[in-house]
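Undergrad: Below is a structure I'd like to ask you about.
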Amino acid sequence: MGEDPSSSQMSEDDDRSPPLDPISSNKARNCSGSGCPSSSSSSSTDYIIPYPDQVLENVLENVLCFLTARQDRNAASLVCKSWYRAEALTRSELFIGNCYAVSPRRATDRFSRVRAVSIKGKPRFADFNLMPAHWGAHFGPWVSAMAKAYPWLEKVYLKRMSVTDDDLALLAESFPGFKELVLVCCDGFGTSGLAVVASKCRQLRVLDLIESEVIDDDVDWICCFPESQTCLESLMFDCVECHVNFEALERLVIRSPSLKKLRLNRYVSIGQLHHLMVRAPQLTHLGTGSFSSSEGNAQGDQELDCVSAFAACKSIVCLSGFKEIFVDQLPAIYPVCANLTNLNFSYANISAEQLKPVIRNCHKLQTFWVLDSVCDEGLKAVAATCKELRELRVFPVDPREDIEGPVSEIGFQAISEGCRKLQSILYFCQRMTNEAVKAMSRNCPDLVVFRLCIMGRHRPDHVTGESMDEGFGAIVMNCKKLTRLAVSGLLTDQAFSYIGQYGKLVRTLSVAFAGDSDMALQYVLEGCPKLQKLEIRDSPFGDSALRSGLHHYYNMRFLWMSSCLLTRQGCRDIARALPRLVVEVIKSDQQQVETGEYVDILYMYRSLDGQRDDIPKFVDIL
Amino acid sequence: MSPENEQQSPAGLNYDETKLTLGLPGSGSKRGFSETTVVGLNLGSSCSSSTTVDDEVKTHRPPAKAQVVGWPPVRGSRRNLMTSCKYVKVAVDGAPYLRKMDLETCKSYQQLLGALEDLFSFLTIRNDTNERKLMDLANGVEYVPTYEDRDGDWMLVGDVPWNMFVESCKRLRLMKSSEAIGLAPRTPSKCTSSS
């Protein structure tokens, strides 16, 4: 789960390798060229310097064909000039972690035979309205460059990019062999764009729209797929908030014999779901749509049919949807529970009592997303059954501060005791204790992702009244594989001292309303060598803290700091010290003319191509 | 919580500071974080006055608490789950179709009747005192709203407090008055068991 970017829909953290250091890639170019004596790692045992062509051939045949991971390829490209060239010619999957770190031109110039591209745009805090609209991350320049450079492009994966209908049209027209389009957290396009992709991409196997905002242009895009049999294997449109033509959808499913993954939106009723399931019993991944009836339909024997429809779909391993659930329909899914590895109930407002009969059958469950409406009691039921659980996400039904929450340290600790193989947790709650967090650090040593969101700002340990320093300290100390951490609650500089001391593998850190002084940030910047993505909001960190990271910023993908104590001058000092860093100062309130003492948002990232040319008015690059 | 706290916002704030704004709180030199405080709401004794909250807070932060953009960090698509999450099926005796309605859109039994009237155009609210009934004026048939609760029992609508009703209602049925005689309107034991 989550290893192939195009299949990581449920797990958002799919970064595995540090990005290429721009300084090192310069060194590669200076290396003297062919027949490097240093390439003694190649198989030749004689001492005659081989011809460049022979070296290239050996490399291509013996080494590079086995290298798929980009970090391995990055390393290979640094050996010498000919390895660099050979690697560039044979890289077929291109990963751009920050769309502004490199220009489309530079990327397409270096890698000429790319078949699959992944591009990430806006920083994650943009999901929570912290980034003003129209900041950037446009797909346009990329698709234009690729249209010329990669006629054989097959796959595009975009995350947090602005994509227009014109971009999609260009994509659909430019790549005759195009197979897979995955848009995660994207916006700027509508059903017209989808229609063009559906009609022109005749080899399309995957069209996945995940958490993206799609404009309703009143275009019946489902009707636009070709009338003949399609190659579709995956069609996910659960985030599309527009009606779909059901008859067209049903016909599409009928003529898509390879369809394995289907995620419907909430405009598909349970009766319609039943029809589709009967047509596609081979499905492995199903998003159930609304899971309730539309207004005028008779129910009668529909319930019975749904149970048999689920029983007939013997291959379902991943179930989601339930966007407007009729809870008394829930028993229909019992036949598939025993085989489920992924279950997403995060849109279903169900109680513990309603969850229990489902979850007690889900012995193979590895990924579970749920709302806190199931309460601590529901989580205990999960802990009792789901011994294979690797990833848990508990979302709040009511995401406000200062209310009584239905889940707490009780459910949290129960999970830690029952689900020992846990690797990833995201937990929203109103109260927590250090003891429960420490328990999890001991019970779940395999944790890679630990994200705890105590929703009340600066909330201390609910029982002792102390800060949450010790709990988070225990996590970084005991969970030796931890790469992603999000902290919350009342935290002093001590917590960050722990992170700097023990968080040696931490790559992504998310901080909000925490810390007492600059020392906190300094501990992290000095102590965490693998840190790549740091997002901080509303914390008392100032210019001197920022300076303490100068040695490290070129190794990072980005730093985001909003509502902190950074001055413009402090940011300018960084920009001057590190010329390859793009230092963006962003005004969060576009109407505001005069700036206060502190910068609203600092967003900085390394770039090989200097500042971007599409800066909106509210952004200054220092 | 004591009655006086129910009228004012937590920790006795003035409303300006809790007003929602688009920008980050505290424009200019004031920063949002400096306006936040440890929330004392769930510590029972601290609710009595704002000064008590100050004393309880182990840091130096002032007591003001403004709404903050993007916190808690929940994406927009997940934010409106409180609304439209209580769909129930509604059946009318004698009609071959079922409808569904969202109980969350109503705040009282009177509103529920109004919604039922909208849902089934042939029905009108009958203005009897104390009785909740709907009538088909065309043929004079009277319907009484009933519901199935969590225990699977069929109850007359209107006997329990509204919120309790929303919590426990699984489905609605508009039963003909003539057939609803068997349903006991108020038995004390039933009321307590459905809480």
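Undergrad: If each residue's Cβ is checked for other Cβ atoms within 10 Å, how do A:155, A:421 rank with the fewest at the top?
TA: Placing the least packed residue first, the sequence is A:421, A:155.
Undergrad: Rounded to a whole number, what is D in µm²/s for region A:188-227 from Stokes-Einstein with the Kirkwood radius over alpha-carbon pairs (25 °C, 0.890 mPa s)?
TA: It diffuses with D of about 233 µm²/s by this estimate.
Undergrad: Could you please rank A:368, A:178, placing first whichever residue has the fewest other Cβ atoms within 10 Å of its Cβ?
TA: Fewest-to-most ranking of A:368, A:178: A:178, A:368.
Undergrad: Ranking A:254, A:96, A:601 by Cβ neighbours within 10 Å, fewest first, what do you get?
TA: A:254, A:96, A:601
Undergrad: Right, another one. From zero up to wherever the largest Cα-Cα distance of region A:95-146 sits, split into 10 Å bins and tell me the percent of pairs in each.
TA: Percent of pairs per bin, in order: 22, 51, 21, 6.
Undergrad: Assuming R0 = 56 Å, can you tell me the calculated FRET efficiency for the pair residue B:181 and residue A:129, based on Cβ-Cβ distance, to the nearest 0.05?
TA: 0.50
Undergrad: Still on this structure: Please give the length that would be gained between residue A:92 and residue A:338 if that part of the chain were fully extended, namely 0.36 nm times their separation in residues minus their C-alpha to C-alpha distance (nm, one decimal).
TA: Stretched fully, the residue A:92-residue A:338 segment lengthens by 84.7 nm.
Undergrad: For residue B:174, which sequence-distant residues (separation of 5 or more, or a different chain) have an amide H within less than 5 Å of its own amide H, given hydrogens modelled in the peptide plane?
TA: Amide H neighbours of residue B:174, under 5 Å, 5+ apart: B:91, B:92, B:93, B:146.
Undergrad: Please report the net charge: other residues with Cβ closer than 10 Å to the Cβ of residue A:119, K and R +1, D and E -1.
TA: Its environment carries a net charge of +3.
Undergrad: Let me ask another. Per 0.36 nm of contour for each residue apart, how much would the distance between residue B:150 and residue B:163 grow if the chain were fully extended, relative to their Cα-Cα spacing?
TA: 3.3 nm
Undergrad: Using the beta-carbon distance between residue A:577 and residue A:617 and R0 = 30 Å, what value does 1/(1 + (r/R0)^6) give for FRET efficiency, to the nearest 0.05?
TA: 0.65
Undergrad: While we're on this one: Counting pairs of Cα atoms in chain A, how many percent are more than 37 Å apart?
TA: Of all Cα-Cα distances in chain A, 41 percent exceed 37 Å.
Undergrad: While we're here: So what is the relative contact order for chain A, in percent, with contacts set as C-alpha pairs under 8 Å and at least six apart?
TA: That works out to 7 percent.
Undergrad: On to the next question. Per-residue ellipticity at 222 nm for chain A, helices alone: DSSP H runs ≥ 4 residues times -39500 (n - 2.57), over residue total, nearest 500 deg cm²/dmol?
TA: -8500 deg cm²/dmol
Undergrad: Within region A:175-263, which GluC sites (Glu not before Pro) sit in a loop by DSSP and count at most 11 neighbouring Cβ atoms inside 10 Å?
TA: A:227
Undergrad: Would you pull out the residues with amide H under 5 Å of residue A:205's amide H, same chain only if 5 or more places away, H placed 1.01 Å from N?
TA: Those qualifying (amide H under 5 Å, at least 5 residues apart or on another chain) are A:180.
Undergrad: Treating only the Cβ of Lys, Arg, Asp and Glu as charged (+1, +1, -1, -1), what charge dipole size does chain A show about its Cα centre? Round to the nearest 20 debye.
TA: It works out to roughly 2240 debye.
Undergrad: Read phi for every residue in region B:115-121 and hand back ³J(HN,Hα) as whole Hz from Karplus 6.51 cos²θ - 1.76 cosθ + 1.60, θ = phi - 60°, with x for Gly and Pro.
TA: 5, 5, 4, 5, 5, 10, 5
Undergrad: Across peptide A:122-133, how many C-beta atoms of other chains are within 10 Å of each residue C-beta, on average?
TA: Taking all residues of A:122-133 together, the mean is 3.
Undergrad: Same structure again: For residue A:544 and residue A:315, what does the FRET efficiency come to when R0 = 56 Å and r is the distance between their Cβ atoms, rounded to the nearest 0.05?
TA: E(calc), rounded to 0.05, equals 0.45.
Undergrad: Points 7 angstrom from Cα along the Cβ direction at residue A:328 and residue B:170: gap in nanometres?
TA: Output for this residue pair reads 0.6 nm.
Undergrad: Still on this model: Residues of B:93-102, mean number of Cβ from any other protein chain within 10 Å of their own Cβ, rounded to a whole number?
TA: 4
Undergrad: Determine the sum of side-chain charges near residue A:362: Lys and Arg each +1, Asp and Glu each -1, restricted to other residues whose C-beta is under 14 angstrom from that of residue A:362.
TA: +3
Undergrad: Then there is this: Among the listed pairs A:261/A:421; A:387/A:438; A:179/A:314; A:387/A:533; B:100/B:170; A:421/A:530, which have their C-alpha atoms separated by more than 22 angstrom in this model?
TA: Long pairs (Cα-Cα over 22 Å): A:261/A:421; A:179/A:314; A:387/A:533; A:421/A:530.
Undergrad: If you don't mind, another one. Describe numerically, in nm with one decimal, the distance between label points set 7 Å from Cα along Cα→Cβ at residue A:105 and at residue A:241.
TA: Modelled inter-label distance: 3.9 nm.
Undergrad: Residue A:480 versus residue A:417, label points 7 Å from Cα toward the beta carbon: distance in nm?
TA: So the two model labels end up 2.7 nm from each other.
Undergrad: Gain in length, residue B:95 to residue B:77, computed as 0.36 nm per residue apart minus the alpha-carbon separation, to one decimal in nm?
TA: Here the answer is 2.8 nm.
Undergrad: Nothing charged except the Cβ atoms of Lys and Arg (+1) and of Asp and Glu (-1): what's the magnitude of the dipole of region A:126-257 about its Cα centre? Round to the nearest 20 debye.
TA: About 700 debye.
Values quoted throughout were computed directly from the atomic coordinates according to the rules given, and no laboratory measurement underlies them. Because the structure is predicted, anything quoted here is derived from the model rather than measured. Virtual Cβ from ideal backbone geometry, glycine too; neighbours counted across all protein chains shown.
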